[in-house]
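All remarks here apply to the structure that follows.
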Amino acid sequence: MSSPPRPIVRLKPKSKPQAIRHGFPWVYASELVADRRTSALAPGTLAVLEDPERRAMGLVTVNTRSKIACRMIDRDPAATIDAAWFRDRIGRALAHRERIYDAPFYRLVHAEADGLPGVVIDRFGAAAVIQPNAAWAEAALDPLAQAVAEVAGVTTILKGAGGRARALEGLDDVDAVLRGGVAGPVPVPMNGATYMADLTGGQKTGLFYDQRDNHAAVARLARGGRVLDVFSHVGGFGLAALAAGAARVLAVDGSAAALDLARRGAEATGVADRFDTRHEDAFAALASLAGEVFDVVVCDPPAFAPSKSAREPGLRAYERIARLAAPLVAEGGYLCLCSCSHAADLAAFRGASARGIGKAGRRGQIVHTGFAGPDHPLLPQLAESGYLKAVVFRL
């Protein structure tokens, strides 16, 4: 028997189908004809997207309960989304990472940019953590995990269900073990240091691979110097700096659990005698450290502007961080400021940072601008996939 025809969803007459044709992967709820048949589709349903003239544009996943009502999954409206399809997408993603890295520790799949909309997969050697951040991926989690196991050869697969994206899709926040299991934090070699990643209880998937290249850039500036790593998580910038020859690092974070992992990473790296931690709110710590001087100060906060509505208060928060951090930097030292907020673009973030430095009575020159590493590819039509910025000022 032949398969039943797929449902059809259609763009409104005043929408802009050329953006979809040119590679933009989303259809917002306001752009979609919301008839009863479309509204009744279960979240994650595969459907053929048509333009206002009823011409097929591709195969999409539908979730009318989300602001992003459709995500383009295949430009071929007749594509079969089966085990072979998943293996092909995972295989293409894996080939890119294996060309770049000599060890299996990286982001394996970066959502839309790797052709798996809403799906994030981080690899930790023989383990992988899948974040199915879209309704279709939640529904297809079993074949997705099977493909990851077959193609990448991992034996442990975990589901990470935390984060704002799943809530926006109407999904739960329940983590799960899909295959195998882990007995404790996984050691991850990166930039000469060893990081301890908690795959079951840590933030996101357990480690932030996106800053790898920026860690290395700042580490080069830290040789022989004293480093302050604020919002340090499990030791991100600080451990890389010590591995590169920094004299001493003070790591500050509001999470005692993250700092414990950072200390364990310092021990595994062999630099524990030069690594200090401070469990304190970052803003409070920056204020209380007034009068101290560091050769390198790094501030890598969580997303202060995760949406357009949060953009202005988020930029004010970035400005405040720069104002508090700048006085702690030695003359001729370096201040690295980071943002993972896609709603605050590089120009806006750089401007807020420069204002904060200026209000602190300092002046600086930009010596490095960094982004996420190549295992976090950017989809040029989707600005949101280029969220990370790191700007280093010499003051």
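The values are calculated or read from the model by the stated rules, or taken from the named source; none is laboratory data. Everything numeric here is computed off the predicted structure, so don't read it as measured data. FYI the Cβ positions are ideal-geometry reconstructions off the backbone, even for glycines, and counts take in every protein chain you see. All accessible areas refer to the heavy atoms of the entire protein, side chains included, with ligands and DNA or RNA removed. Shrake-Rupley method; radii C 1.70, N 1.55, O 1.52, S 1.80 Å.
Name every residue in region 63-120 that is aliphatic (A, V, I, L, M) and under 30 Å from K12 (Cα atoms), in order of residue number.
Looking only at region 63-120, we keep the residues that are aliphatic (A, V, I, L, M), and these are 68-69, 72-73, 78-79, 81, 83-84, 90, 93-95, 100, 103, 108-109, 111, 113, 116, 119-120.
Selection gives I68, A69, M72, I73, A78, A79, I81, A111, A113, L116, V119.
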Practice prompt. May I ask you to list pairs of residues, at least six apart or on different chains, whose Cβ atoms are under 7 Å apart, with the first in region 351-379 being open to solvent by less than 30 Å² (accessible area, probe 1.4 Å) and the second being of a type in the set (F, W, Y)?
Written response: A352/Y318; S353/Y318; I357/F393; G373/Y209; D375/Y106; D375/Y209
Discussion item. Taking the criterion of being assigned to a helix (DSSP H, G or I) and closer than 27 Å to V109 by Cα, would at least one residue in region 69-76 satisfy it?
Written reply: no
Discussion item. For region 185-224: of the residues being open to solvent by less than 30 Å² (accessible area, probe 1.4 Å) and farther than 18 Å from G238 by Cα, which is farthest from the chain's Cα centre (by Cα)?
Written reply: V186
Worksheet, complete the sentence: Scanning region 52-70 residue by residue, those in contact with a helix residue (DSSP H, G or I) (Cβ under 7 Å, 6 or more places away or on another chain) and charged (D, E, K, R) turn out to be K67
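Answer yes or no: is there a residue in region 84-93 that is under 19 Å from the mean Cα position of the chain (by Cα) and either buried (at least 22 other Cβ atoms within 10 Å of the Cβ) or modelled with pLDDT under 95 (or both). Spell out the reasoning first.
First, pick out the residues of region 84-93 that are under 19 Å from the mean Cα position of the chain (by Cα): 90, 93.
Cutting the leftovers down to either buried (at least 22 other Cβ atoms within 10 Å of the Cβ) or modelled with pLDDT under 95 (or both) gives us 90, 93.
Yes, region 84-93 contains a residue that is under 19 Å from the mean Cα position of the chain (by Cα) and either buried (at least 22 other Cβ atoms within 10 Å of the Cβ) or modelled with pLDDT under 95 (or both).
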Discussion item. Please go through region 94-114 and give me each residue that is free of Cβ contacts under 8 Å to residues at least 40 places away in the same chain and open to solvent by less than 20 Å² (accessible area, probe 1.4 Å), ordered by number.
Written reply: V109
Discussion item. When you check P43 against the structure, is it modelled with pLDDT under 95 and not basic (K, R), yes or no?
Written reply: no
Worksheet entry | Residue count for region 17-44, restricted to those that are in a helix (DSSP H, G or I), without any contact (Cβ under 8 Å) to a residue 60 or more places away in the chain and open to solvent by less than 60 Å² (accessible area, probe 1.4 Å) | 5
Practice prompt. Filter the strands (runs of 3 or more DSSP E) completely within region 104-167 down to those with at least 1 residues that are closer than 19 Å to I68 by Cβ.
Written response: 105-110, 119-124, 127-132
Practice prompt. Check V62 against each of (1) within 23 Å of N133 (Cβ to Cβ); (2) surrounded by fewer than 19 Cβ atoms within 10 Å (Cβ to Cβ) and name the one condition it does not meet.
Written response: (2)
Worksheet item: What pairs come up if the first residue lies in region 300-323 and is within 26 Å of R212 (Cβ to Cβ), the second is among the β-branched types (V, I, T) and not in a loop (DSSP other than H, G, I, E, B), and their beta carbons are under 6 Å apart, counting only those six or more places apart or on different chains?
Response: A322/I357
